[in-house]
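The values are calculated or read from the model by the stated rules, or taken from the named source; none is laboratory data. Values in this document were obtained by computation on a predicted structure and should not be read as measured data. Cβ atoms come from the backbone with ideal geometry, glycine included; neighbour counts cover every protein chain shown. Please note that ligands, DNA and RNA were not included when accessible areas were found on the heavy atoms of the full protein model with its side chains. Shrake-Rupley method; radii C 1.70, N 1.55, O 1.52, S 1.80 Å.
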Amino acid sequence: MTKQITIVEMGPRDGLQNEKQVVDVATRVELIERLADAGLKNVEAGAFVSPKWVPQMAATEEVMAAIKRKAGVSYPVLTPNMKGYEGARAAKADTVAIFGAASETFSQKNINCSIEESLERFRPVIDAAKADSVRVRGYVSCVLGCPYEGKISPAQVVPVAAALYEMGCYEISLGDTIGVGTPEETKALIRAVAKAVPVEALAGHFHDTYGQALANIWAALDEGVAVFDSSVSGLGGCPYAKGASGNVASEDVIYSLARSGYDTGVDLDALIETSVWISEKLGRKPGSKVTLARTAG
């Protein structure tokens, strides 16, 4: 049997929100629809956050209203608090996401509260989502390194991941936000977290700053993880981590998995076309080695 891997496409949210330019609603809608048409079943569509802090995610309610939703495709949105959750419900979101951090300093810098305070802030969101039969995905940032604290140990990650899972998140995405982790560190992290959260409920979210993202994905695969976040054309970065490149490019992940006998259900050619299209919209070359190789000449 072909082994199934789930890809969670981050480009329209985690990708675009870290781009310098603000992308118009029509382009965001077309990007989401292209990605769904390429076979991606989980496409993060936006974030219900203050446009003062994340102007790129303004008008997410307009994006959600405009997209032609495909059967069998989920369009999660980020909802850091109850106000965000209420916006997501009004937009008929079926899945929402919350985000914490394994680094105390990053939590303070990123969301202006301690780790413990952030978890308490998420509790009413999760409770409301349960009552509304809305799925909640949890993110943990800086699981392998922090721009302020340096290396992060698995012991710092486990309690945060466990708390989110115990509160009701169906899946916990472990994020190497600044892309410093290595395969052996990734394996140690997964082994530690899997003692508190079932490995079936874990996902990997790797940035490629140091060129380690694909290697880390394979390390996580070896430990039983079967869900990975990626971003078309490697869009994005981290505004709180100087020099950090975006998520690993979806095309590179899917190419590597497909050539190795894994099934993601994604049409790589269609995804490459989308990568070229959005890169042209942003006025730059694609951030995917596979796309550059396929379109060279």
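Label point of residue 170 set 7 angstrom out along Cα-Cβ; within the range 123-142, amide nitrogens under 12 Å from it belong to 130, 133-138. Seen through its C-alpha gyration tensor, with square-root eigenvalues sorted a ≥ b ≥ c, the range 1-89 comes out prolate because a/c lies at 1.5 or above while a/b is bigger than b/c. Of all DSSP bridge pairs formed entirely within the chain, close to 10 percent run antiparallel.
With R₀ fixed at 35 Å, the C-beta to C-beta distance from residue 121 to residue 218 puts the FRET efficiency at about 0.50.
Stretched out straight at 0.36 nm per residue, the stretch from residue 114 to residue 82 would grow longer than its current Cα-Cα span by 9.7 nm. Let me make sure I get this right: for the chain, a, b and c are the square roots of the gyration tensor eigenvalues over alpha carbons, sorted descending. Under 1.5 in a/c it's rounded, otherwise prolate if a/b > b/c, else oblate. Which is it? Verdict is rounded for the chain.
Per residue, the accessible area of the chain comes to 42 Å² when a 1.4 Å probe rolls over the protein heavy atoms.
Using a 1.4 Å probe over the heavy atoms of the protein chains, calculate the carbon and sulfur portion of the accessible area of the chain as a whole percent. The computed percentage sits at 51.
In the chain, Cα pairs under 8 Å separated by at least six residues give a relative contact order of 19 percent. Between residue 195 and residue 132, what FRET efficiency comes out of the Förster formula 1/(1 + (r/R0)^6) with R0 = 30 Å and r the beta carbon distance, rounded to 0.05? My answer for the efficiency is 0.45. Compared with the alpha-carbon gap, the fully stretched path from residue 89 to residue 50 is longer by 12.4 nm at 0.36 nm per residue. Legend: calculated FRET efficiency, residue 104 to residue 3, from the Cβ-Cβ distance at R0 = 35 Å, rounded to 0.05, equals 0.40.
Taking every DSSP bridge with both residues inside the range 142-271, close to 35 percent are antiparallel. For the range 219-228, the Karplus equation 6.51 cos²θ - 1.76 cosθ + 1.60, evaluated at θ = phi - 60°, returns couplings of 5, 5, 4, 4, 8, x, 6, 10, 10, 9 Hz by residue, with Gly and Pro reported as x. If the limit is 20 Å between Cα atoms, which of 3/289; 83/130; 20/285; 20/52; 41/130; 52/109 go over it? The pairs that break the limit, which is 20 Å between Cα atoms, are 3/289; 41/130. Going by the alpha-carbon gyration tensor, a ≥ b ≥ c the square roots of its eigenvalues, is the range 60-156 rounded (a/c under 1.5) or, if a/c is not under 1.5, prolate (a/b greater than b/c) versus oblate? Prolate, since a/c reaches 1.5 and a/b exceeds b/c.
Pick out which of 224, 72, 39 has the largest mean-square fluctuation in a Gaussian network model of the chain, springs linking Cα atoms closer than 10 Å. Sorting by GNM fluctuation, first place goes to 72.
The residues packed around residue 156, meaning those with a beta-carbon under 11 Å from its beta-carbon, carry a net charge of -1 if Lys and Arg are +1 and Asp and Glu are -1.
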